[in-house]
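Here is the structure we will look at.
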Amino acid sequence: MTELIWEGKYDKDGKKVAPLHVALPFQTVETINESTKERQLAQDLFTTGRDPQWRNRLIWGDKKYVLPSLLEEFAGKVDLIYIDPPFATGQNFSFNMRVDGEEFTKEPSIIEQKAYRDTWGRGLDSYLQWFSEAVIFLQELLSERGSIFVHLDCNIGPYAKAAMDELFSRTFQTQVVWQRVTAHSDSRRFGINYDLILHYSKAPDFTWIVRHVAHSEDYVESHYTQVNEEGRKFRWDNATAAGSGPARYFFGKLLEPPPGTHWRWSQERIDDLGASGRIALTSKGKPQYKRFLDEMPGKVIQAVWTDIAPVNSQALEDTGFDTQKPEALLERIIKASSNEGDLVLDCFVGSGTTAVVAAKLNRRWIACDLGRFAIHTTRKRLLGPLNVKPFVVQNLGKYERQLWQKAEFDLGTDLTREDLTLNPFPTWKGTSGSPSHSGKGPGIRSDTPASPSHPGKGPGVRSADLRYRHFILELYHAQSVSGYVWLHGVKAGRMVHVGAVDAPISPGDVSQIAAEFKRAVGTGKDAPITNGVDVLGWDFAFELNEVSKQQAAQANINMRFVRIPREVLEKKAVEQGDIRFFELAALSVDMAQKGRVITLKLTDFVIPPDDVPEDVRKAITHWEQWIDYWAVDWNNRSDTFHNEWQDYRTRQKRDLQKQVAHTYEQPGQYIIVVKVIDILGNDTTKTLKVTVV
Ligand SMILES: C[S@@+](CC[C@H](N)C(=O)[O-])C[C@H]1O[C@@H](n2cnc3c(N)ncnc32)[C@H](O)[C@@H]1O
């Protein structure tokens, strides 16, 4: 067999390099559009251990983790896959955001740059490896009657086809040529104005629903030249079809069909058609059929599509996402190759086109993207006038971090680095030696990890924990301290707590940190001489709001909550030393109560300045401009955030409502969670408690 070889396809022993096979559980962080009744039912099903109802899924994560993790539940169950992977070498993850009508570009995050390097780092070789790894999983996910459509350009398309032919052997169906723009100004060659869409099926027998488009005006004019007395356009058409058949009577005359053909209809039908004037004989006595234009479904759709325009900036569907594809394109694909209720998957969903069209056409869907902004854009699009069925937003959050922690700091366990291929940190040093904490509190002792230069050979969980904390402290430019349970380091006179990878920082943690801090203060020479604590966490519980801050203030502690960035998981980013920690944004909400009516009003929102591009910061004159979206869960029951109400900006609607009221039907104590998503796509939550009588 002819085979396309690229560097990296085979290892040094001549074995094909297999993709990373991990199965991480998904973590639901948000449930959208679920009614109170559905929410109760979902909770009941959960508590009784029964299967929850189907929820469409929007997953934030890299396809290299998401696709293998979907296998356990969905291998052989996905009916249709459309992917539009990043295929232009110049394409990156930057996105455009708007502040008062002005557009700004946000450069890609380190994680996004990393994904881009994974994809194109070594040019076509790495792209093909990256692409094939995705296709291997997608093929496993496809159902027996399923199809996959892969959207590419003419540079990468032929290579991708060769790679896919190898995986799909004989089920290549067609290559659609989509005329993307009418003209492309190429002065030295014919303009490249099209994309390619490769269609493969899992097996030779696949779901296919023949689709038609209206005939062109030219065609109608040249073919349907006659008009009947009612004004209906028609043409005289052939009465035979291929394959021989018997003679039949037409108006009392027995006529043989021409050799190799047969009359299209039974004798009975011919008699009926003759009586209703739908069959007539020509002057030479040849039967003809009267075909009306309005009875014809149109032309069967072929593989060259010139009738679907790209999304233009004035279109209602335009989200401002650079590579957004038109809904009409997805509609054509989904309608031709799936039925209502079928499951559609797109692991590069971008602005959400596949999910939106699948939802409109009553298909179930799973959509994934690595870009934070892509997930946010898709979420907003699904919320619009569509009012789609409930869906959940998921990520691999703590599971991805647990995997990383095990791989990096706890290799004595059943997982190996090869299993995980989450790269070790060869330059990892730990905080060995004697950190100089000159004058930063005499009692703060340095703590040396067990064997810092061999993080993989750690003796046990405790020292694995220690190594993990040292690693984070080092990235935070803090020194380790020992002798405390909740206080792990010191930086510029402030104590530092490092949160665990698998649990959010909770108010309980905050009290413990505060209590230990208080115990330590004033206990003589061992006391920290600082009143500040930086609490570093991957996640922060909803409830971590004023209560925690109050707790800290009462204890006379200046507590700062700082997010550990996901970049920490990436070897390259760590090596480059470009890890930046940001304080949590702060949201102020006023709550007013009148009987059972609660009114919430946003009153302030402060975003850590370091995270914001300079030009954007300059353009912002009022705190409201930071907010792109906000939502409220009026009755949070320690389940995920349910957005029971939301308001957001779109390209058409730039205003944001800042106040909302809600009437509780039943008396009781309620927890209200407010979620704000800023213009950079980050979210901040705040919890309020209310008693309704
Ligand atoms: C060409 S765009 C898709 C556009 C989409 N079809 C639409 O209509 O908006 C490609 C998307 O792939 C995402 N992406 C790139 N690498 C990824 C990866 N490794 N895992 C998941 N998504 C990725 C990018 O964030 C981007 O949103």
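The values are calculated or read from the model by the stated rules, or taken from the named source; none is laboratory data. Computed from a predicted structure; not experimentally measured. Ideal geometry is used to build each Cβ from the backbone, glycine not excepted, and the neighbour counts take in all protein chains shown. Please note that ligands, DNA and RNA were not included when accessible areas were found on the heavy atoms of the full protein model with its side chains. Shrake-Rupley method; radii C 1.70, N 1.55, O 1.52, S 1.80 Å.
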Seminar exercise, completed: Over the stretch 384-399, the set of residues within 16 Å of the ligand (Cβ to nearest atom) and either more than 22 Å from D639 (Cα to Cα) or open to solvent by less than 10 Å² (accessible area, probe 1.4 Å) (or both) is G384, L386, V393, L396
For this session: For the stretch 39-49, indicate whether the set of residues that are touching a helix residue (DSSP H, G or I) at 6+ places or on another chain (Cβ under 9 Å) and either in a loop (DSSP other than H, G, I, E, B) or modelled with pLDDT of 90 or more (or both) is non-empty.
Result: no
For this session: Check the stretch 107-114 and report whether any residue there is more than 9 Å from the ligand (Cβ to nearest atom) and modelled with pLDDT of 70 or more.
Result: no
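Suppose we filter the stretch 247-256 for residues that are aromatic (F, W, Y) and not in a loop (DSSP other than H, G, I, E, B); how many remain?
So in the stretch 247-256, the residues aromatic (F, W, Y) come out as 249-251.
Now drop any that are not not in a loop (DSSP other than H, G, I, E, B), which leaves 249-250.
Going through the stretch 247-256 one residue at a time, the tally reaches 2.
Residue-wise test of (1) in contact with a helix residue (DSSP H, G or I) (Cβ under 8 Å, 6 or more places away or on another chain); (2) among the basic types (K, R).
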position: S313; (1), (2): no, no
position: E327; (1), (2): yes, no
position: R332; (1), (2): no, yes
position: A336; (1), (2): no, no
position: S351; (1), (2): yes, no
position: A355; (1), (2): yes, no
position: W365; (1), (2): yes, no
Problem set entry | Positions within the stretch 34-66 being within 16 Å of the ligand (Cβ to nearest atom) and either closer than 25 Å to R332 by Cβ or in contact with a strand residue (DSSP E or B) (Cβ under 7 Å, 6 or more places away or on another chain) (or both), in sequence order | R57, L58, I59, W60, G61, K63, V66
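Let's see how each residue does on (1) in contact (Cβ under 8 Å) with a residue 60 or more places away in the chain; (2) in contact with a His (Cβ under 8 Å, 6 or more places away or on another chain):
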| residue | (1), (2) |
| --- | --- |
| E140 | yes, no |
| S143 | yes, no |
| Q173 | no, yes |
| Q179 | yes, no |
| S185 | no, no |
| N193 | no, yes |
| S201 | no, no |
| I209 | yes, no |
| H215 | yes, yes |
Problem set entry | Filtered residues of the stretch 9-29 (kept if in contact with a Lys or Arg (Cβ under 8 Å, 6 or more places away or on another chain) and either open to solvent by 30 Å² or more (accessible area, probe 1.4 Å) or closer than 24 Å to R381 by Cα (or both)) | Y10, K16, V17, F26, Q27
Exercise. So which residues in the stretch 360-378 are assigned to a strand (DSSP E or B) and either within 12 Å of the ligand (Cβ to nearest atom) or of a type in the set (D, E, K, R) (or both), if there are any at all?
Worked result: R364, A367, C368, D369
Exercise. For the stretch 249-265, does any single residue satisfy the condition of being among the hydroxyl-bearing types (S, T, Y) and open to solvent by less than 60 Å² (accessible area, probe 1.4 Å)?
Worked result: yes
Seminar exercise, completed: Selection from the stretch 153-171 of residues without any contact (Cβ under 8 Å) to a residue 40 or more places away in the chain, part of a loop (DSSP other than H, G, I, E, B) and charged (D, E, K, R) yields R170
Problem set entry | Residue list for the stretch 283-317, filter: surrounded by fewer than 14 Cβ atoms within 10 Å (Cβ to Cβ), among the hydrophobic types (A, V, I, L, M, F, W, C) and within 16 Å of the ligand (Cβ to nearest atom) | L316
For this session: Kindly provide the set of residues from the stretch 538-551 that are in contact with a helix residue (DSSP H, G or I) (Cβ under 8 Å, 6 or more places away or on another chain) and either modelled with pLDDT of 75 or more or assigned by TED's automatic domain parsing to the domain that holds I672 (or both), ordered by number.
Result: W538, D539, A541
Exercise. For the stretch 326-343, what are the residues that are buried (at least 21 other Cβ atoms within 10 Å of the Cβ) and either of a type in the set (S, T, N, Q) or in contact with a Gly (Cβ under 8 Å, 6 or more places away or on another chain) (or both)?
Worked result: S337, S338
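Those residues that are assigned to a strand (DSSP E or B) and either open to solvent by less than 50 Å² (accessible area, probe 1.4 Å) or small (G, A, S) (or both), I need them from the stretch 218-246; list them, please.
So in the stretch 218-246, the residues assigned to a strand (DSSP E or B) come out as 226-227, 233-238, 240-242.
Selection gives F234, D237, T240, A241, A242.
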For this session: Could you check K429 against (1) crowded, with 16+ Cβ neighbours inside 10 Å; (2) at pLDDT below 95; (3) in contact with an Asp or Glu (Cβ under 9 Å, 6 or more places away or on another chain) and say which number it fails?
Result: (1)
Exercise. Which members of the stretch 318-357 meet the condition of being touching a strand residue (DSSP E or B) at 6+ places or on another chain (Cβ under 6 Å), over 15 Å from D84 (Cα atoms) and either within 14 Å of the ligand (Cβ to nearest atom) or not in a strand (DSSP E or B) (or both)?
Worked result: G320, S337, S338, D342
Problem set entry | Residue list for the stretch 361-406, restricted to those being on the phi > 0 side of the Ramachandran plot and at pLDDT 90 or above | N362
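Which residues, taken from the stretch 134-147, are within 16 Å of the ligand (Cβ to nearest atom) and in contact with a helix residue (DSSP H, G or I) (Cβ under 6 Å, 6 or more places away or on another chain)? Spell out the reasoning first.
Within the stretch 134-147, the subset within 16 Å of the ligand (Cβ to nearest atom) is 134-138, 141.
Of everything in the stretch 134-147, those that are within 16 Å of the ligand (Cβ to nearest atom) and in contact with a helix residue (DSSP H, G or I) (Cβ under 6 Å, 6 or more places away or on another chain) turn out to be A134, V135, F137, L141.
Looking at D195, D205, D165, D153, can you tell me which residue is charged (D, E, K, R) and surrounded by 20 or more Cβ atoms within 10 Å (Cβ to Cβ)? Lay out the reasoning, then the answer.
On the way: D205 fails: surrounded by 20 or more Cβ atoms within 10 Å (Cβ to Cβ); D165 fails: surrounded by 20 or more Cβ atoms within 10 Å (Cβ to Cβ); D153 fails: surrounded by 20 or more Cβ atoms within 10 Å (Cβ to Cβ).
The match here is D195.
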